[in-house]
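**Student:** Have a look at the structure that comes next, please.
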Amino acid sequence: MARILIIDDHIETCRVMTMLVKHLGHQGTSLNSGPEGISYLQSNPADLVILDVMMPGMDGLEVLRRLREIDQTKKTPVIMMTAVTDPATRRQAMTLGANDYWIKATIEVQELERRINLFTSNGSEEGTVQRVLERIASWIDEQRSIPLRAI
């Protein structure tokens, strides 16, 4: 069972994501602001953070930048979950240390489960190489969908 923290300013998104995470057999906690998430993670380690990009005050990119500067969270996997489809925002998130970038409109339970297993120790040790290869293949597929003029 993985400990998953969801940080999103939309209460309904937090409620649904927490419910899905728990349905998949994990411990889910949600918070509605970046500063709350940073503070929480310093004393409550998570196996995975699902982080919204667009939030008032401190946006998800700034939260991610700060998480990567803190010893307790610098290696915690972070999935950016957002409605922002802009390739520049995606590149910035990945440059700042995001492990994945997920468009909210495409969320499905099976895909959520796959991504949780990919970034936590839920998969078997022998599956680690397979998970890395899947991430590489996924990244290549995603790059194919970005028009060359956007690069």
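The values are calculated or read from the model by the stated rules, or taken from the named source; none is laboratory data. These figures come from a predicted structure and were not determined experimentally. Ideal geometry is used to build each Cβ from the backbone, glycine not excepted, and the neighbour counts take in all protein chains shown.
**Student:** So which residues in region 77-99 are crowded, with 20+ Cβ neighbours inside 10 Å and closer than 20 Å to Val21 by Cα, if there are any at all?
**Tutor:** Those that are crowded, with 20+ Cβ neighbours inside 10 Å and closer than 20 Å to Val21 by Cα: Pro77, Val78, Ile79, Met80, Met81, Thr82, Ala98.
**Student:** Quickly run through region 105-130 and pick out the residues that are charged (D, E, K, R) and either touching a Ser or Thr at 6+ places or on another chain (Cβ under 6 Å) or at pLDDT 70 or above (or both).
**Tutor:** Correct list: Glu108, Glu111, Glu113, Arg114, Arg115.
**Student:** Applying the selection to region 2-21, what residues are closer than 22 Å to Met58 by Cα and in a strand (DSSP E or B)?
**Tutor:** Within region 2-21, Ile4, Leu5, Ile6, Ile7 qualify.
**Student:** Does at least one position in region 44-54 carry a residue that is over 11 Å from the mean Cα position of the chain (by Cα), among the aliphatic types (A, V, I, L, M) and either in a loop (DSSP other than H, G, I, E, B) or modelled with pLDDT of 90 or more (or both)?
**Tutor:** yes
**Student:** I want to confirm something. Restricting to region 22-43 and keeping residues that are touching a residue at least 60 places away in the same chain (Cβ under 8 Å) and not in a helix (DSSP H, G or I), which single residue is nearest to Gln110 (Cα to Cα)? Explain how you work it out, then say what you get.
**Tutor:** Residues of region 22-43 that are touching a residue at least 60 places away in the same chain (Cβ under 8 Å), as a first pass: 23-24, 26.
Remaining after also requiring not in a helix (DSSP H, G or I): 24, 26.
Values: Leu24: 9, His26: 14 Å.
Only one residue tops the list, namely Leu24.
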